[in-house]
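Written below as structure tokens is the structure these notes are about.
The values are calculated or read from the model by the stated rules, or taken from the named source; none is laboratory data. Predicted model only: the values in this text are computed from it and were never measured. Neighbour counts run over all protein chains shown; Cβ positions are idealised from the backbone, glycine included. The accessibility values were calculated without ligands, DNA or RNA, using every heavy atom of the protein model including side chains. Shrake-Rupley method; radii C 1.70, N 1.55, O 1.52, S 1.80 Å.
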Amino acid sequence: MLVVDTPMCQIPELPAISESVRSMILDPGKLECDKKKFSLHHGSLSIKVKPLLGSYPDITKCQYKPIQRKEIETNDKNYRYGEVVEIQLKSQQNVLHEEFIKIECLNKNGAVVLEDYLQQASPALVENVAQEFKEIIQKQKGLKDNYNVVMIGIDSTSRLQAHRHLKKTMAYLKTELKAFELDGYNRVGDNTFLNIVPLLFGQTVEELGWNSSLTFDSFLFPWKELQKRGYASLYSEDSTNGAIFNYAKKGFLKKPAKHYLRPYMLALQDSKNFKESVKKMPQGKWYCAGPRKLHEEVLDFTKQFMNAYHKLNIPFFVVGIHNLHIS
């Protein structure tokens, strides 16, 4: 039986598990990151430090630094820390307004006892974007009928591989969301970049006119077009060195979407937590930064982003790429 049967293309229907591939199907097991380190929770607008003091009595001071993107740069590989803000240890909560932050707790000698990183769909940024787009929405008719667009990409994972290893996800998509499966979808190139360009632009890389001397700032990504119609946008990847528009490329001089996770992921993968995790994990399987699972950072921020704009009735376009090859 064929899933695609045209004069130019025939694709056979294959079972997810057959004797021909059974020996090559490996179970990677459950990903376990360091549970010993303290991890603050994403998505809340405040930090409660007081409960920490019982477990870490030598803490005398906690502080955080905003993680910011360097807009005036010649590449997409830099970030910077903003001014240090002290956290009140005795306060029931410390309200945060920044999108990305690094938190440090120190002892009386000034040594860092705890370190963690937080991201949130910043209420201040969300509100600014919402105000900008509400004016656009009010000027347009029929926008209420437009759909949100959410693209979650899992690199190096075929459709059949998803059926083998992401059974719960596939079942939810098809049963709960009534998703339509593109049985005949196939690759058109040998790497992620050569495949995602046609997916986003409807053109090959050659047709698009990109070459290695160019950044991607001048190219009209679909979410940029939808921003003209009042759409909020998010672009995120869990890998920094292997990011689609950065690996052997120049990336973006200006952030490509209203929300851009890359500065946070750069800081996280430069962290002491990540470097310690690398020492404990097999070569190339660097999926943790202390207690944090890197792929979950993309999913956590995507969920916060969607909830924030949904509450404000602002449509959105999300691209979240998992290219650490966990599956």
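Of the helices (runs of 4 or more DSSP H) lying entirely inside the range 212-281, those containing at least 3 residues that are open to solvent by 10 Å² or more (accessible area, probe 1.4 Å) and over 27 Å from Gly29 (Cβ atoms) span 222-227.
Show me the helices (runs of 4 or more DSSP H) found entirely inside the range 133-202 where at least 2 residues are over 22 Å from Phe216 (Cβ atoms).
Working: elements: 159-165, 167-171, 192-201.
Helices (runs of 4 or more DSSP H) meeting the threshold: 159-165, 167-171.
For the range 248-269, the set of residues classified as over 21 Å from Val318 (Cα atoms) and touching a Ser or Thr at 6+ places or on another chain (Cβ under 9 Å) consists of Ala248, Lys249, Lys250, Leu268, Gln269, listed by residue number.
Considering each residue of the range 13-32 in turn, none proves to be open to solvent by less than 50 Å² (accessible area, probe 1.4 Å), modelled with pLDDT under 80 and within 20 Å of Ser271 (Cα to Cα). In the range 184-200, the qualifying residues are those that are open to solvent by less than 40 Å² (accessible area, probe 1.4 Å) and touching a Pro at 6+ places or on another chain (Cβ under 9 Å), and the one that is nearest to Lys258 (Cα to Cα) is Leu200.
Given the criteria surrounded by 13 or more Cβ atoms within 10 Å (Cβ to Cβ), in contact with a Ser or Thr (Cβ under 8 Å, 6 or more places away or on another chain) and of a type in the set (D, E, K, R), does Lys293 qualify?
In short, no.
Scan the range 111-124 and tell me whether some residue there is assigned to a helix (DSSP H, G or I), modelled with pLDDT under 90 and under 23 Å from the mean Cα position of the chain (by Cα). Yes, the range 111-124 contains at least one residue that is assigned to a helix (DSSP H, G or I), modelled with pLDDT under 90 and under 23 Å from the mean Cα position of the chain (by Cα).
In the range 142-155, is there at least one residue being farther than 27 Å from Arg229 by Cα, surrounded by 12 or more Cβ atoms within 10 Å (Cβ to Cβ) and touching a His at 6+ places or on another chain (Cβ under 7 Å)? Checked the range 142-155: at least one residue is farther than 27 Å from Arg229 by Cα, surrounded by 12 or more Cβ atoms within 10 Å (Cβ to Cβ) and touching a His at 6+ places or on another chain (Cβ under 7 Å). When we screen Arg69, Arg80 for residues that are closer than 20 Å to Ser236 by Cα, of a type outside the set (Phe, Trp, Tyr), open to solvent by 60 Å² or more (accessible area, probe 1.4 Å) and modelled with pLDDT of 70 or more, the only hit is Arg80.
Does the range 141-166 hold any residues that are more than 25 Å from Ala232 (Cβ to Cβ) and more than 22 Å from the chain's Cα centre (by Cα), and which are they? Selection gives Leu160, His163, Arg164. Once the range 54-85 is narrowed to residues that are in contact with a Leu (Cβ under 7 Å, 6 or more places away or on another chain) and among the hydroxyl-bearing types (Ser, Thr, Tyr), the residue that is farthest from Leu114 (Cα to Cα) is Tyr79.
Name the residue that is nearest to Ile17 (Cα to Cα), counting only residues in the range 161-182 that are charged (D, E, K, R) and loosely packed, with under 11 Cβ neighbours inside 10 Å.
First pass over the range 161-182, keeping only residues charged (D, E, K, R): 164, 167-168, 174, 176, 178, 181.
Restricting the remaining residues to those that are loosely packed, with under 11 Cβ neighbours inside 10 Å gives 168, 176, 178.
On the way: Lys168: 16, Glu176: 24, Lys178: 23 Å.
Out of the qualifying residues, it is Lys168.
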